[in-house]
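I have placed the structure first, in the form of structure tokens, so that the comments after it can refer back to it.
What follows draws every value from the coordinates through simple rules; no lab data is involved. Here the structure is a predicted model, which is why all the values come from computation and not from measurement. When we count neighbours, we look across all protein chains shown, and the Cβ atoms used for this are built from the backbone with ideal geometry, even at glycine.
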Amino acid sequence: MTDLTDLTVTEIRDGVADGSFSAREVAEGFNAAVAAAKPLNAFIVETPEKALAAADAVDAKRAKSEPLGLMGGVPIGMKDLFCTEGVQSTAASHILEGFVPQYESTVSAKLWAAGAGMLGKLNMDQFAMGSSNETSFFGNVISPWRRNDGGNTDLAPGGSSGGSSTAVSARIAPAATGTDTGGSIRQPAAFTGICGIKPTYGRCSRWGVVAFASSLDQAGPMARTVQDCAIMLEAMAGFDPKDATSLDNPVPHWEGALSGDLKGKRIGIPREYRMEGIDPEIDKSWEAGKAWLRDAGAEIVDISLPHTKYALPAYYIIAPAEASSNLARYDGVRYGLRDLPEGAGLQDMYAATRAAGFGPEVKRRIMIGTYVLSAGFYDAYYTQAQKVRTLIARDFGRAWGECDLILAPTAPSAAFGLGEKSDDPIAMYLNDVFAVPASLAGLPAMSVPAGLNGQGLPLGLQIIGKPLDEQSVLDAGLAIEQRAGFEARPGKWW
Amino acid sequence: MSVDLPTVKKIASLARIAMDDAEAAALLPELNNILGWVEQLGEVDVSGVEPMTAVIPNTLRLRDDVVDADPLTGGGVRDKILANAPEPQHGFFGVPKVIE
């Protein structure tokens, strides 16, 4: 019998449904894989008992011939940004260490209702702020990938959903939730050779997701295949009255409509994404992507997104501004850490608690956000950035007159070594240069593996779609997947 | 625009993050690098452009005007709300004395 941990979401769901194996066997297999993968540090909390309980419930339903749900029998990893009832949820921060939510986030509740089970809470960049998973209070996540130079340099799994990308690519979870504020699903997916889709802003409820930048935060699935992402996104999405920005639209059956036939589709290639000094291997994979989509019947057209170069600086005003406001709630009064120095008053307690509870990158962003929102600077920074954001969204709106989808690299490089960029915040921010524009415009965007570079590391291609057109994004992802033939997987060293 | 050390300390105080001089001095060049980099937004012509308020057109909904319209976000859950409090006292959040 094949190793159950090698199976995709689709194969597990179908195999459980047709009785090839039980959900319990699957859960036991992944629980063992999780327990054996401690050196990767992908999980903050492991919940093997939750995975088994969910599996037993699915097996019991099958025995009674009841429907098993969209994700029936599939154990998954849950990013630690999602609040899970009775299970510590920290956003990988010290300030929320020991916080045990008394409620379940909408997205995770939907996944459990769809028959999925929880393997544990996945490590991540602290408060989702980072692109390498080096800002977690609970230590770095190590990518399962190694360069093919015979060395053993620890590589970044990307961020902020680095626990998710590591778990899925190392086959210790068939799928995981991610969240994407400025590339946090797509960049880690690209770094680890897996798929990940950020849906249209508002598709997935933000209720119960620890807030970073509320106008940008979106949850999405990370898995090894496009079909797996389609299945899991359907289970996660849907209107939620508890989120004021949730979209009241029906959830399409994306999996059922999946098609790699792109006849009649026009794929835009934004000339501004061809940046000076682009890694030739990234450029090569982009060219391959164009050829694959053309082969699938699409027409390739050149387009212009003139304000692209301003997306990243605008993001690094808007996201910290929202973060400084959202993170004001961590005050040592209602939940989380409290640091009360001897004889301190209330104001001193706030300041001491926040100094002790936030990591350096979180403090940096709160400081930037506080500054750009402060009296006298608000218009020059924040209002200006929000106007630039309008122009960026308008660029995309105009582009949709000439194309149906946009193809671009996901990240400007393959995975880098841990520590290589952590001394220079701006160099780190540049990782998301191709990901951030779609975030600012609220558009659905997906990363799919395109191949390996000369060092044997995965490269991803990004597809950006029109608002609410996840179907076309997934279809183009499938067309690339069918042609890229990406079979590579990290060798097990842990 | 660049910031100086007193400004960094003022921002830290507004953000309620305790910071000594050494920490503030270490943060100073980092903040100035980032602020110098975002400065390029000033060169964009934004005349007649409205700041973004919503990426996807949406309307603000009103919930039903009844108590506990949604029990998950309604009332009557004091113990749950206090369950993670660092210092719950008599059904309240305890804080250091603020009035002598």
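Assorted remarks:
- Rg/Rg_globular for the stretch A:185-274, with Rg_globular taken as 2.2 N^0.38 Å and Rg from C-alpha atoms: 1.22
- Loop-located trypsin sites (Lys or Arg not before Pro) in the stretch A:405-494 (DSSP state not H, G, I, E or B) with no more than 15 neighbouring Cβ atoms inside 10 Å: A:Lys492.
- Gyration tensor over alpha-carbon atoms, chain B, equivalent ellipsoid semi-axes in Å: 39, 31, 10
- Farthest towards the positive end of the charge dipole of the protein assembly as shown, among the residues A:Ser413, A:Gly196, A:Phe138, is the Cα of A:Gly196, using unit charges on the Cβ of Lys, Arg, Asp and Glu.
- Burial order of peptide ranges A:142-151, A:100-109 (average beta-carbon count within 10 Å, highest first): A:100-109, A:142-151
- Average beta carbon contacts from partner chains per residue of A:90-100, 10 Å cutoff: 1
- Order of A:Met129, A:Met222, A:Met275, B:Met19 - criterion: other Cβ atoms within 10 Å of each residue's Cβ, fewest first: A:Met275, B:Met19, A:Met129, A:Met222
- Rg over Rh for the protein assembly as shown works out to 0.96, both radii taken from alpha-carbon positions and Rh defined as the Kirkwood radius.
- Note on the stretch A:269-397: percent of Cα-Cα distances in each 5 Å bin, starting at 0 and stopping at the bin with the largest distance, equals 2, 9, 13, 13, 12, 11, 10, 9, 8, 6, 4, 2, 1, 0, 0.
- Proximal lysines relative to B:Lys9, as straight alpha-carbon distance under 24 Å, when same-chain residues fewer than 8 apart are discounted: A:Lys363
- Under 23 Å from A:Lys466, Cα to Cα: lysines that are on another chain or at least 8 residues apart: A:Lys198, A:Lys263, A:Lys265, A:Lys290, A:Lys309, A:Lys387
- Radius of gyration, Dmax [the stretch A:261-331; alpha carbons; angstrom]: 18.2, 56
- Size descriptor, Kirkwood hydrodynamic radius, that averages inverse alpha-carbon separations across the stretch A:329-460, Å: 18.9
- Given charges at Cβ of Lys, Arg, Asp, Glu: the stretch A:5-101 dipole, positive-most of A:Phe43, A:Gly72, A:Phe82: A:Phe82
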